[in-house]
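Only one structure is covered here, and it is reproduced in the block below.
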Amino acid sequence: MRPLLLTLAALLCTAGALAAPLQPRSAAEIVQRLDGDPASRARERGWQRRLQQQPRDQQAALALGQSLLARARAEGDARLGGRALAALQGFAEAAPPPEVALLRARVQQHLHDFEASAQGLQALLRRPALEAGLRSQAALLLAAVRRTQGQLPASEAACAELPPGWLQQACQLETRSLRDPALPLAEWAGLRAQVRGDAAAQAWLWLAEAEQAQRAGLSGPAEAGLRTALLLQDDLYTRCALADLLQAQGRLREALALLEGQARSDAVAVRQAALAQALGDTRAGPWAAELRARFAQARERHAADPREPLPHLREQAQFALWVERAPRQALELAQRNTRQQRESADLLLLAQAAQAAGQPQALRQAQALTEQIGLHDERLQALAP
């Protein structure tokens, strides 16, 4: 899922800035940092000690949860997401402090527990005295989660919770463009004109336009939009999206170069392994072995303790299809994935796996699911049986 992130998928925002890190206005608002130095780890240990002594230390819980979630996104280690959720366990009541409820929903989204995330966000939005900035963040995240689930009417309802203005318009346009990617791309330019000088907001709007262009089959505008978004705000989601576009055009070396030196999250690692394999790069074997072991270890941890998160099914299916060349296994994983995650990328992966497995019935089912959701994507139409 794009943070909206994004990201992922959804990047959270205040009413004035989409996709920007949260700026602290009080002790409860902790800035999300990606510090990789020993000092940041020492801070995490300090927050953990405070929580051991007082599990309801809200400042420590939010700080530790934010830090661990940021690392989970950057490093692709699902265990960090589980630890972020555990940091909030001192607030088990039905209506925890709003900042805690919002962070919990973000972590659940990251762990692909989408329905739990959505339920928590809906409960938060029902609070009559919720601060305006938190309400905007919750509504935007809920809209993104519902889009991920393929629930477009529910996504539109969440967009309606946002205050009138460019943010609400962008939220609504993103959902409308899923149904009709032929909508004029100039609508995104009009929104960008309202947020000149805000690089984070501009990047998000360029990214959303690029993804609409991809669904419309317009590779030129899609590439231009992705590259502009990267220049404004570099992030792994956009890099992976651009790498996928380049790979689809046969520009494999460009795609692999784009991912060089990036944090090896599952999403990055599976693409590197697939591209290296296609190019005959000597790193292909070690990279594939690393991912194979990573997925196996995660499954073993989950078998020993069901609270341990599993690798995301999308990346497992991609690995099976692109690297292992096991289309039937990829199809089974992709089918399981679309029970909970139904973005264009998931449905496209399902259709590609069905086609590679020689399963026309499964391909028709993928097309039927796409129609049921109300999604239109020219890349999916091209695979129609």
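Bear in mind these aren't lab numbers, they're just calculated from the coordinates by the rules spelled out. Note that the coordinates shown come from a computational prediction; the quantities given were computed from them, not determined experimentally. All Cβ positions, even for glycine, are placed from backbone atoms using ideal geometry, and neighbour counts span all protein chains on display.
Please state the shape class of segment 234-301: rounded when a/c is under 1.5, otherwise prolate if a/b exceeds b/c and oblate if not, all from the C-alpha gyration tensor. Note, shape of segment 234-301 comes out oblate. Pair-distance distribution of segment 264-307: all C-alpha pairs, bin width 5 Å, starting at 0; shares per bin in whole percent are 5, 23, 25, 18, 13, 8, 5, 2. Loop-located GluC sites (Glu not before Pro) in segment 244-332 (DSSP state other than H, G, I, E, B) with a sparse environment of at most 11 neighbouring Cβ atoms within 10 Å: Glu260. For the pair segment 201-224 / segment 237-272, the C-alpha centres are spaced 17 Å from each other.
What share of all Cα pairs of segment 74-122, in percent, falls into each consecutive 5 Å distance bin? For segment 74-122, the binned pair fractions read 5, 22, 33, 25, 11, 4, 0 percent.
If you count, for each residue, the other Cβ atoms within 10 Å and average over each peptide, how do 275-288, 206-219, 53-66 line up from highest to lowest? All intermediate terms of the calculation are to be shown ahead of the outcome.
Numbers: 275-288: 16.3, 206-219: 22.8, 53-66: 19.4.
The most tightly packed comes first, giving 206-219, 53-66, 275-288.
The listed peptides 107-118, 184-195, ordered by packing as a protection proxy, come out as 107-118, 184-195 (highest mean of other Cβ atoms within 10 Å first). Ala95 sits among other residues whose Cβ lies under 10 Å from its own Cβ, and their net charge, with Lys and Arg +1 and Asp and Glu -1, is +1.
Here the translational diffusion coefficient of the chain follows from Stokes-Einstein with Rh set to the Kirkwood radius across Cα pairs; for 25 °C and 0.890 mPa s it amounts to 116 µm²/s. Counting Lys and Arg as +1 and Asp and Glu as -1 over every other residue whose Cβ lies under 11 Å from the Cβ of Leu183, the net charge comes to -1.
Centroid-to-centroid, using Cα positions, segment 132-158 and segment 284-354 are 26 Å apart. Helical content alone sets the calculated 222 nm signal of the chain at -20500 deg cm²/dmol, taking -39,500 (n - 2.57) per DSSP H segment of four or more residues and averaging over every residue.
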